[in-house]
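Since the structure comes first, as structure tokens, the remarks are kept for the end.
The values are calculated or read from the model by the stated rules, or taken from the named source; none is laboratory data. This is a predicted model, so every value here is computed, not measured. Using ideal geometry, Cβ is built from the backbone for each residue, glycine included, and neighbour counts are taken over all protein chains shown. These area figures cover heavy atoms from the full protein model, side chains too; ligands, DNA and RNA do not enter into them. Shrake-Rupley method; radii C 1.70, N 1.55, O 1.52, S 1.80 Å.
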Amino acid sequence: MTGTVDFLLVSMVLANLWVLGSSRLPSCIRALAFQGVALGLLPFALYPGHITWDLVMLALVSITLKAVVFPHLLKRALLEARVDPQVEPFVGHGVSLVVGVASLALSVALFRRHPLPIVPPSDLLMPVAVSTLLVGLFVLIARRKALTQALGYLVFENGIQAFGLGVLQHAPLMVELGILLDIFFAVFVMGITIFHIRRAFATLDTMEMAELRG
Amino acid sequence: MLLAGMLLSVAILVLGGLAAGVLARNCPERAVALAVGANLLAAGIGLVIALLTLLTGASQMTVLPWSVPLGTLALRLDPLSAFFAVPTLLVSGLAALYGRGYLAGKGPSSWLWFNLMVASLVGVLLSADGLLFLLCWEAMSVTSFLLVILEDERAEVRHAGQVYLVATHLGTAFLMVLFLVVSPGAETLAFPRAGTLPPTLAGLAFVLGLVGFGTKAGFVPAHVWLPEAHPAAPSHVSAFLSGVILKSGIYGLLRVVTWAQQPSDWWGWVLVLTGLVSGILGVVFALAQHDLKRLLACHSVENLGIIALGLGLGLLGLSGGSPLAAALGLGGGLLHVWNHAWFKSLLFMGAGALGKATGSLQIEAAGGLLRRMPGTGGAFLVGSAAISGLPPFNGFVSEFLVFMAALELLRSVHPLAGAVGLGGLALISGLAVACFAKVCGVVFLGEPRSPGAEKATETRRAMLVPMLLLAALCLLVGLAAPLVIGVLDAPLGQLAAGADLGPVRASLGWLAALGGLVLLAGLALGHALSRRPSQPGMTWDCGYSRPTARMQYTAASFAGPLTEMFSFVLPFRRHGKPVEGFFPDAAEDHGEVPDPFNQRLYEPIFRGLMRFSLRVRAFQHGEVQLYLLYIVIALIALFIWEAL
Amino acid sequence: MISMLLGLLLAPLLAGLINRVKAFFAGRRGRPLLQLYWDLARLLRKNMVLSRTTTPVFLLGPALSLASLVTCLALLPLGGPALLFFPGDMLVLLGLLALVRFATVLAAMDTGSSFEGMGASREVAIGALAEPGMFLALAVLVVQTRVVSLSELWAHRGLDLWNSAGLVLALVAVALFLLLLAESCRIPVDDPNTHLELTMIHEVMVLDHSGPALAAIEYASSLKMWIGAVLISSLLFPFHTGSAWLDLLAGLAVVFLVTLAVGLVESTSARLSMLRVPQFVGLSSALSLLALFLVIR
């Protein structure tokens, strides 16, 4: 099954690069949905022998949320708040791509030098998870709009979930569901907030929000 | 015998220089002739000896009596020093020939410094003792400083001289520590024997050498003196500085490497990364420059980066147990030392000729010079193709070896280093092509952009001949690649036992043959095309019938897409009056790119240092009594220290 | 030898093929397949107009480009090892391609035209970014097979590699295809058909060339396209059926499929804005790097 695992992991990396390189928000959201699907399918490829009902259900919920619900919510926020769909990065797209590849290189080097005490099911899983995490953080830092903050947060969360897949053979169902619920609310709240901020201040530029501090 | 011959050539240089210094006031012409003649004679003798040493692999050492504490007059001529002596003497001879025409009788006493500079560099290569090495090193730094500030009536030249002096002495400070650390006994500063330093000590020596020698070689971030000093110097001196003196840093570093029992893995990595950063930043800085000599100086940073990259890959091959990768990397780095000496001195000489002919070194003021100066322009084009690493010229041969080293590492012991080196060098050479397309296209092709360029005529023969010779050398090394790498065997043997370039000799043969074939076929085809019936016309500019030279693409616009892309390392400063409104007034736009390291690293440091020094200055009153008090306090403190 | 001759003969056909694909998608009949051959023949008979600004560099540029590209053909395996092969021949090939770029750009700058200056500037910028992508893509294949010659890369692998390392090969294939689009000046990087100078790269650089010189340029650019397509065919789809003729036919078929794919992309996508092109080219480097991580982990 390594072929499939590799394929899914590479898809995740490609989605990261996609998010970093794209200059349009809808395109970034599509990338996120794509990453969600890849991540949702990953457990089946990683543990082909252990497919149980709760695993299937979890995957279904996860994919539905990440590939359908979140993108839909984000797109709605985009439309209703009438956000200009340009990404407006602090750090250019070219450099962002370099950062994305560098984060992967860094994580590969990290796990080669310090192998984990447990043996993850694929030696690419951990590096990809960590690089996804880093990319999420980078998006949070290097993009200007409030909506991209939500985006970065979701990528970050995908990284955590992938990491969890490697560390815990079977994450307790409740924990997984809890995490999912958590972000669900995060996205929900973010969407509403964005809408209201937009109404109140007519801008979603985080730089300008910084002016609000006392 | 060989060593004695080399010393003879040093003696000739010194005597010629001294004679020029003495005669400069009264009969300047004879002084210059004498100095240049001494240079040529010394170069002739020295080159024969250096090549003999390289081909035979002989190593000679002698210790002469010398009554200096800690020092011995230990001299050694081995293949490694002979390898670096070849570009030193060849370029010095040609630069002297060129300089005679370039200075045209001005500053006859400067020849004293020129000859002493060459002699002290040969001294650096020959010395086998730390103290002697440092003395020669200092002599080289001071004489080259005096040459950099030759035109000291210009303020920027004085500033450049200052920066150069400070940088070179900071480097020397590290070298002093280096020689103290590695000396085999307390009584002496002699070099340790090859292959004797234990790993920890060798690591310390490597770091000290990297900082000390790296400052001379212009590795980023110690490169900032380079784009200041090289443009300020007269062109024959810039040619020697950039083509040869920078390499003394590489020589020193390699000498340190030979002392180690076994070079460690991290040395290679450090050199690879240093080389990569220097290479990429060097060429990116170069893209943003508008002064031709400054641009060339930035390219020196790039090329020294390529050398470091090659040597680093070689060391990784050596420590990883791949003798072929070691041979390729070290060999490629070493060969690039030679090649860079040829094409960079050629390019600096070309820049000098151009400055003389047009009165300006600004790229944006030039244009159409190939028609007006076909000899200089042709030689410059060859040099540009060579430095961009294009077949069939010499730059391609050394870059080929470094690329092969990366591929070799990729498939054997260090895939990651191989990948890093391969991608990095590819980017560097791609950017170098872009940069020299800009220089050649804007300076030599198209129409002149200023009255100075309009009136330019071919440079005098004394300056043209050295350029043509160097251009021929660039082509020759490219076409005779499999033969030329024969000179690498002996110095490679000193650096890495068992390293052999034999396996790539056939590839180099094909490379040279194909390159020559392309050149010949291209020239023949071009000739055939030019014989076809044609009629003269005007450049088609979208139907606009009266084109002016000012409509041409400028160098800044040409480099625009790339400088924009690298704007995160290039702090672009732009000022002027933008175009506004529907019926705009006269507008202007200026832009320049200051070196980010100067701006963000050194200026704050030196500002802090200045502030500190001003505070310390309170101690200096100019009153003798107070100074005596200081001495007494110091004495008493010492007594107390001893008493405790 | 045969593959080299085939290259010399068939290269202009690719342009015709692409045009037919585009015409098909646009619902037109399109130009004849052999149009470029007729164009070349006609151009060769014509006289030239030489701008008074130009120097010998103006004609030397196309001449050197053509000479280097024909030499490149000798290093390309197709359905069998190339005419010439030696360790590191891929580096010589890439070096010659860089020489082509340098010569073309200088010939463009020689006219002093601002349009050609603009095209030249874009060409070197894109080329500088494409270079690492090219080397890294080859690096992936070198790590996989541990040989450093194009012909050996062809010989030492089979299609079965797609079973064991299909993902890596797919990444490299996409990377090489993106580079092919960029280097042979097709949509979405450049538009070979547009007549608005400001949006062109390659076509704008050759505005002032005419007659036989233009023929040399047109032929050279079709050779460049051929080289790109053959590299994809031979390195990623090395057929070893046992019969040299079948191998050659299969290789050629892939070359034409790649060409069809280029036509497909041209018909279905729009040209990128110039500011986005660096990202497009950078993406190919990123893909190659990703593939590299997969093979050397």
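A compact table of results
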item: Of the DSSP H helices in chain B, those whose Cα atoms cover at least 27 Å axially and whose Kyte score averages 1.6 or more; result: B:2-23, B:28-56, B:265-287, B:415-439, B:624-643
item: Separation of the B:Ala524 and C:Leu34 label points, Cα + 7 Å toward Cβ, nm; result: 2.9
item: Estimated Rh, chain B: Kirkwood, alpha-carbon pairs, angstrom; result: 25.9
item: The range C:151-297 shape via C-alpha gyration tensor axes, a/c threshold 1.5; result: oblate
item: Under the Debye formula (equal points on every Cα, no solvent term), log10 I(q)/I(0) of the range B:143-239 at q = 0.19, 0.22 Å⁻¹; result: -0.86, -1.00
item: Cα-Cα pairs of the range B:49-116 separated by more than 20 Å (percent); result: 53
item: Of every Cα-Cα pair in the range A:25-174, the percent that sits beyond 18 Å; result: 60
item: Column: log10 I(q)/I(0), Debye, Cα scatterers of the range B:308-461, q = 0.08, 0.11, 0.15 Å⁻¹; result: -0.30, -0.51, -0.75
item: Fraction of alpha-carbon pairs over 18 Å apart in the range C:1-126 - percent; result: 68
item: Kyte-Doolittle mean at least -1.0, axial Cα span of 18 Å or more - DSSP H helices of chain C; result: C:2-26, C:57-73, C:89-109, C:114-145, C:161-183, C:211-236, C:244-268, C:277-296
item: Calculated diffusion of the range A:1-86, Stokes-Einstein form, Kirkwood radius summed over Cα pairs, 4 °C and 1.567 mPa s, µm²/s; result: 94
item: Net charge contributed by nearby residues that have their C-beta within less than 14 Å of B:Gly375 (K/R +1, D/E -1); result: +4
item: Kirkwood Rh, Cα atoms: Rg over Rh of the range C:2-296; result: 0.96
item: Solvent-accessible area per residue, Å², over the protein assembly as shown with all protein chains present [probe radius 1.4 Å]; result: 39
item: Ellipsoid equivalent to the range C:239-297 - semi-axes via the Cα gyration tensor, in Å; result: 30, 22, 6
item: Distance from the range B:380-409 to the range B:297-367 (C-alpha centre basis), Å; result: 10
item: Base-10 log of normalised Debye intensity for the range B:77-151 (one unit scatterer per alpha-carbon) at q = 0.12, 0.14, 0.18 Å⁻¹; result: -0.35, -0.47, -0.74
item: Rule-of-thumb Rg ratio for the range B:596-643 [Cα; 2.2 N^0.38 Å; N residues]; result: 1.79
item: For B:Ala426, net neighbour charge (Lys/Arg +1, Asp/Glu -1) across residues whose Cβ lies under 15 Å away; result: -3
item: Accessible carbon and sulfur surface of the protein assembly as shown relative to its total accessible area, %, 1.4 Å; result: 68
item: Cut-off 11 Å between beta-carbons: net charge of the residues surrounding B:Val63, Lys and Arg +1, Asp and Glu -1; result: 0
item: Distribution of pairwise C-alpha distances over the range B:512-644, 5 Å bins, in %; result: 2, 6, 6, 7, 8, 8, 9, 7, 8, 7, 6, 5, 4, 4, 4, 4, 3, 2, 1, 0
item: Cross-link pairs B:Lys106/B:Lys455; B:Lys247/C:Lys224; B:Lys247/B:Lys455; B:Lys344/B:Lys438; A:Lys66/C:Lys22 - those with Cα-Cα distance over 28 Å; result: B:Lys247/C:Lys224; B:Lys247/B:Lys455; A:Lys66/C:Lys22
item: Cα centroid separation - the range C:127-158 against the range C:235-252, whole Å; result: 19
item: Value in Å of the Kirkwood radius, where the range C:176-245 supplies the Cα pairs that are averaged; result: 13.8
item: Distance between the range B:53-111 and the range A:148-166 - C-alpha centres, whole angstrom; result: 63
item: Residues B:Ala549 and C:Lys46, FRET efficiency given R0 of 25 Å [Cβ-Cβ distance, rounded to 0.05]; result: 0.30
item: Members of the range B:368-405 that become less accessible by 50 Å² or more once partner protein chains are added (1.4 angstrom probe, chain alone as reference); result: B:Arg371, B:Leu390, B:Pro391
item: Relative pair counts by distance (%), Cα atoms of the protein assembly as shown, 20 Å bins; result: 11, 38, 35, 14, 2, 0
